[in-house]
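Encoded as structure tokens, the structure appears first; notes follow it.
Computed from the coordinates by the stated procedures, all read-outs in this text should not be read as laboratory data. Every value quoted in this text rests on a predicted model; they were computed, and no experiment measured them. Here the Cβ is made from the backbone with ideal geometry for all residues, glycine too, and neighbour counts use every protein chain on show.
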Amino acid sequence: MNRMASVALRVGGFAAACGAFVMLSGGSVGLAQQPAAGGQAPPAGQRGGAAAAPGQGGGRGPGRAEVDTLGTGPWDFGAGAARYHASIVTKGLDHPWGIAFLPDGDLLVTERPGRLRVIRKGVLDPTPISGLPAIWSNPGQLGGLLDVALHPNFAQNRLIYFAYSKQNPDPAACPERVNNCSATLAVGRARWDGGSSLTDVRDIIVTKGYDQGGPGNNKKSVGPASGSFGSRLAFDKAGYLFVTSGERNVPDEAQDPQTHNGKILRLKDDGSVPPDNPFVSNKAYLPEIYTLGHRNPLGLYFHPVTGELWESEEGPQGGDEINIIKAGKNYGWPEVGLGRHYTGESMNKGFSAPGYEEPIVFWVPAIAISGLSIYDGDKFPQWKGQAFVGALRAGTGQFVARVTFNAKGLPTGRDHSMLADLKQRIREVKPGPDGYLYVLTDQTFGAVLRIEPAVESGK
């Protein structure tokens, strides 16, 4: 079955299952992912303060006086078997991006402005963990401190990994740090003993992607160089690290085998290249590349039952996707896609063409898809095997989307109601070891939320 026929069947099947028709030519005008209003948070306990010096981590800038719209909770939503309880684990976070679950039940959370925070026994430590490298982060832009992950043997080696945007060390490449500065995605590794500071901090990869400068410096750019970094981190059972990297608003980069932009990378835990990477023997490709043809991949998760690697990425005007990632495959951007460019034109080769992988789920219009997970806990048995993704876009997003699948693994329906009443941008949704779902709100007044079963009335 070719891609177009398969897409048509999926659209028809989804319409029959959900009583809805998906228009492939539609889509909302505007960027699929835009920074929320407001900038970096100041020191703890304040919403103001001096900006960080250029090139320094910490990300403390003035920002706008954004209003906290979340409320205090808790909330009960849904009805019957779909009823659930949502509560606030903590507020006081500025655009939280990544979350990692520690063996003792505590949480590590990244803030995009450049801070690593720890939530101990449900209480946010007011002092960020120190020792991070210099992080390129500016108000209203999408670079900064991104995802965080624990080494599979963290309990023994205490190693953590974090993705971040790294400023070009050449001063000539950053004549104006906020609006005209070259940066790229990097992944750092550090040792953390649970205290106030990181040690043994080093980059395991600084991606080949410094050649971005926005429309004024790169005529192929379709947006600011501060956007579309990705990035998510995921370890497989063999201990290899997978890293998503966005195409930095230069679509052609996603198909260029000599840049890491618009790719998924596969590394050993020290950053070296696994000998069985799909392009390791092909000198035309960078050896870290595992797949290519990605726009802005913001979710990455190993299926807890099948072991498959799943990924979510944003399209432009329509065409948000969930993909099953296979070594060496090309996922099409910008050659094929189910949305349209911001010029109104279709993809270079239309919706479909031979040689490109199909998404297993897609959205038209776009919801500005973000983090991805697949539930396999015991607290919500009715949700086992279902995918959860965050949505960021006002109007068509700002909820947690829940996608159901049949016994053949094909999508049969989706629910866009989860947390929709809260009207928050959802950056990440991830099951915890306790079987509950944890959600990060992408706001200046950001929060960690917990979703658990609702208590039946009278009990």
Expected unfolding gain across D76-A353 under the 0.36 nm per residue rule, minus the alpha-carbon gap, is 95.2 nm
Based on the mean of other Cβ atoms within 10 Å per residue, sort peptides 414-420, 360-366 so the most packed one is first.
360-366, 414-420
Segments 294-300, 140-146 sorted - mean Cβ within 10 Å per residue, highest first:
294-300, 140-146
Shape of the stretch 403-459, Cα gyration tensor, a/c cut at 1.5
oblate
Which trypsin sites (Lys or Arg not before Pro) in the stretch 363-408 sit in a loop by DSSP (not H, G, I, E or B) and have at most 12 other Cβ atoms within 10 Å of their own Cβ?
K408
Subtracting the Cα-Cα distance of R83 and E345 from 0.36 nm times their residue separation yields 90.1 nm
